[in-house]
1. What's the local net charge at ALA295, with K and R +1, D and E -1, over the other residues with C-beta under 15 Å away?
2. What is the pair-distance distribution P(r) of the range 50-172, computed from all Cα-Cα distances in 5 Å bins starting at 0, with each bin given as a whole percent?
3. Suppose the Debye formula is applied to equal point scatterers at every Cα of the range 24-86; what is log10 I(q)/I(0) at q = 0.12, 0.16, 0.17, 0.19 Å⁻¹?
4. Might you report the magnitude of the Cβ-based charge dipole of the range 50-172 about its Cα centre, with Lys and Arg at +1 and Asp and Glu at -1, to the nearest 20 debye?
5. Per DSSP helix of 4 or more residues, -39500 (n - 2.57); summed, then divided by the residues of the chain. What does that give at 222 nm, rounded to the nearest 500?
6. Which percent of the Cα-Cα distances in the range 163-267 go past 21 Å?
7. Counting pairs of alpha carbon atoms under 8 Å apart in space and at least six apart in sequence, what relative contact order in percent does the range 47-192 give?
8. Could you tell me how far the Cα centroid of the range 180-198 sits from the Cα centroid of the range 59-96, in Å?
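The values are calculated or read from the model by the stated rules, or taken from the named source; none is laboratory data. Please read these numbers as outputs of a predicted model, since none were measured by experiment. Every residue, glycine among them, receives a Cβ derived from its backbone with ideal geometry; neighbour counts consider all protein chains shown. In case anyone asks, the SASA skips ligands and DNA or RNA and just uses the protein heavy atoms, side chains included. Shrake-Rupley method; radii C 1.70, N 1.55, O 1.52, S 1.80 Å.
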Amino acid sequence: MAYCNPSSDQKPDEMASMEVGNDNDVKVHVFSSSSELIEKLHEKWSPVKKKPYPAMYSSVFGGIVLDPAMMVIPIDDHMVHRGHGVFDTAVILDGYLYELDAHLDRFLRSASKARISPPFPRSTLRSILVQLTAASQCKEGTLRYWLSAGPGNFLLSPAKCPTSAFYAVVIADNVSQCKNGVKMITSTIPMKAPLFATMKNVNYLPNVLSIMEAEDKGAYASIWVDDDGFIAEGPNVNVAFITNDKELILPPFDKILSGCTAKRLLELASKLVEQGRLKSVKTSNLTIMEAKGAAEMMYIGSTLPILPIIMWDEQPIGDGKVGDLTMALSDLLWHDMLAGSNTHRICVPY
């Protein structure tokens with residue numbers, strides 16, 4: 001590894017300072033000990049009564065951390081400086097983990113595409129996540145976890161990294177059913193190529209720029225249209241439409257992320273077909289013109305689980321109000337999250 005050497009006429013104390021204009025009026029502090037640094041890290045969290053991140057797991061540490069000031073990862077981790085990592089999430093609701101197994105399976109598929117081998121077998125990863133949630137004492141929020149190529153150096157290739165790394169954190173947050181509609185726009189930010197869009201990787205700059213673009217225009221979020229002119233997905237959510245013929249249609253998952261909540265919705269929505277409220281449920285390509293002509297529209301995501309969309313590019317969807325079928329689908333998912341079978345809900349052993 002190459003290092004930059006200071007010029008011979010530059011003194012050590014000058015190297016530890018930052019120049020503003022022509023004045024050396026900003027001095028960079030050099031921490032003399034780890035205890036001094038830890039004290040500094042605690043300054044941020046000491047006034048915070050309710051910690052937003054009650055627990056973290058790190059395979060680098062080899063255990064669970066309850067102190068948010070210590071929830072750190074190495075700067076030479078390839079997920080940090082190369083974006084070589086994948087992640088996933090699961091909702092914690094009423095002391096249960098919802099759809100953890102479905103998300104964990106997708107997590108491992110993403111890892112395979114990213115050519116990262118987990119440091120533990122699936123059963124161990126699952127056990128760690130359940131134990132972490134229990135240790136957090138959090139009954140409502142999200143569980144987010146990452147698999148990285150690991151720390152070791154600042155090279156492009158991970159070949160010399162000793163091992164991959166697994167991290168997870170519990171985020172305490174309110175999870176509630178969304179009943180109000182939102183506005184969205186068509187994103188002008190290029191969407192990811194299918195290889196990267198279909199794996200849940202940490203390279204989220206297009207997603208970030210897409211939602212910032214929406215916020216700049218007073219919208220909640222955005223939607224991508226692929227190069228063939230078909231509807232794709234939102235920045236971190238799937239999207240669904242109800243046609244005027246009462247068909248529920250989601251874009252196919254071949255070029256976008258296979259949403260666990262979206263796929264669960266496709267299963268649950270058959271109940272509305274049986275009741276005669278929906279004509280059919282399917283995945284199919286939709287042009288932007290067909291999509292904008294829908295009677296109802298919604299975002300689908302783990303923490304929503306359904307968010308009605310009532311305005312798109314300043315034009316109303318349907319009558320511009322939250323649709324009855326959208327809320328019927330939302331009720332189905334919400335009930336599944338609160339009282340579904342043990343196949344989809346894991347009771348956390350606090």
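1. Working: positive: LYS246, ARG277, LYS279, LYS292, LYS321; negative: ASP245, GLU247, GLU290, GLU296, ASP319, ASP324.
Local charge sum for ALA295: -1.
2. In whole percents, the pair-distance histogram is 2, 12, 23, 23, 20, 13, 5, 2, 0.
3. Result of the Debye calculation: -0.45, -0.75, -0.83, -0.96.
4. 260 debye
5. -8000 deg cm²/dmol
6. Values: 2456 of 5460 pairs.
So the portion of pairs separated by more than 21 Å is 45 percent.
7. On the way: 246 pairs, mean separation 46.4, N = 146.
The normalised contact order for the range 47-192 reaches 32 percent.
8. After rounding, the separation between the Cα centres reads 26 Å.
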